[in-house]
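**Q** Quick one: the structure is below, and I'll ask about it shortly.
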Amino acid sequence: MPPFADKVKRLDRSRLLLRRRYGEPLRLIVTHPVEHVLRAILAEEASAAEVDQAIERFRRYFADMNDLRVSHPHEIREALGADFPRATYKARIIPRLLDQAFKQHNSMVWDFLEPMGKMEVRAYFERLEDVRPFIAATLARDCAGAHAFPVDNDVARVFGRLGILDPAAETETEMQAFLERAVKASRAYEAHWLIKRLAEDLCLPDKPRCERCPLNAFCPSVVLAAKKKAASRGKAGAKKQPKSKAAAKPKRKKSGGAAQKKRR
Ligand code: SF4
């Protein structure tokens with residue numbers, strides 16, 4: 001893994017290149033903290049369009065947020081649709097989180113967040129069961145204006161491929177702490193939004209479209225068609241090679257001088 005200063009440079013270079021591709025971040029107007037929660041959970045490995053459609057379906061299926069809270073996971077899964085990314089997991093987590101907050105504050109308005117400071121909001125959600133650190137970070141950022149860099153599977157995957165994070169060795173909390181140190185507060189929202197755009201557009205879980213990626217010049221995980229062809233040509237060539245060096249060596253004729261010496 002490259003040292004910290006190198007990673008910071010790569011992060012900034014990525015942000016600038018991605019801004020050229022995707023433009024300025026869109027800031028959704030979300031007034032209810034519960035909608036922030038729902039969007040944060042739903043957005044993992046899903047596109048922005050899929051999230052918007054899911055929120056619309058929730059509005060049609062459930063009378064209000066309290067109805068969503070008391071619904072069974074299979075009902076929420078049905079509302080999401082069978083093809084929604086990680087629908088089963090998300091359908092389990094959503095009512096679990098809403099119910100814990102409700103039982104503590106007897107409210108679905110979540111005005112209990114208002115007097116809390118930035119760190120308090122984050123700590124509150126981190127203490128809830130089954131709530132991953134990236135959800136707590138999203139809420140601290142979106143509801144309390146905290147400096148936070150939420151790391152869900154998408155962010156971990158892209159930064160892992162770029163050699164900036166090591167998701168196999170680092171926890172979600174450790175990755176977030178690193179990014180919050182490496183990216184300035186004034187740039188964190190933009191950098192996060194751009195990485196999520198790249199994750200849903202090109203750096204897909206199974207088949208990244210590296211040919212079209214603006215970061216492919218310095219990404220250590222890049223898979224380009226030209227490289228693939230060269231690799232497959234290399235393999236085909238290797239098959240044709242003789243098995244041992246000895247077998248590959250051409251037989252050398254004895255030189256005339258040496259042959260004469262032997263005869264003498
Ligand atoms: S070059 Fe490929 S693997 Fe690297 S960030 Fe871009 S899409 Fe992902």
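**Q** Just checking, how many residues over region 56-90 are closer than 18 Å to residue 33 by Cα and buried (at least 16 other Cβ atoms within 10 Å of the Cβ)?
**A** 6
**Q** Take region 68-108 and flag every residue that is without any contact (Cβ under 8 Å) to a residue 24 or more places away in the chain and outside any helix (DSSP H, G or I).
**A** 72, 82, 83, 106, 107
**Q** I've got another one for you. Go through (1) touching an Asp or Glu at 6+ places or on another chain (Cβ under 8 Å); (2) over 20 Å from residue 135 (Cα atoms); (3) among the hydrophobic types (A, V, I, L, M, F, W, C) one by one and return the number of the condition residue 18 breaks.
**A** (1)
**Q** Which of the residues spanning region 166-201 are basic (Lys, Arg) and under 20 Å from residue 214 (Cβ atoms)?
**A** Passing the criteria: 187, 196, 197.
**Q** Related question: Kindly indicate the residue of region 201-217 that is of a type outside the set (A, V, I, L, M, F, W, C), under 18 Å from residue 16 (Cβ atoms) and part of a loop (DSSP other than H, G, I, E, B) and also farthest from the ligand (Cβ to nearest atom) among those meeting that condition.
**A** Per the criteria, the residue is 214.
**Q** In addition: Looking at region 180-194, which of its residues are in contact (Cβ under 8 Å) with a residue 60 or more places away in the chain and either within 17 Å of residue 26 (Cα to Cα) or within 16 Å of the ligand (Cβ to nearest atom) (or both)?
**A** Listed by number, the residues that qualify are 187, 189, 190, 191, 193, 194.
**Q** Quick one: in region 161-178, of everything that is within 15 Å of the ligand (Cβ to nearest atom) and free of Cβ contacts under 8 Å to residues at least 40 places away in the same chain, which residue is surrounded by the fewest Cβ atoms within 10 Å (Cβ to Cβ)?
**A** Checking each candidate, the answer is 167.
**Q** Moving on. So the check is Cβ under 6 Å with 6+ separation or different chains; which pairs have a first residue in region 203-220 that's within 16 Å of residue 2 (Cβ to Cβ) and a second one that's more than 8 Å from the ligand (Cβ to nearest atom) and aromatic (Phe, Trp, Tyr)?
**A** Close Cβ pairs (under 6 Å, with a partner that is more than 8 Å from the ligand (Cβ to nearest atom) and aromatic (Phe, Trp, Tyr)) do not exist here.
Bear in mind these aren't lab numbers, they're just calculated from the coordinates by the rules spelled out. Here the structure is a predicted model, which is why all the values come from computation and not from measurement. Neighbour counts run over all protein chains shown; Cβ positions are idealised from the backbone, glycine included.
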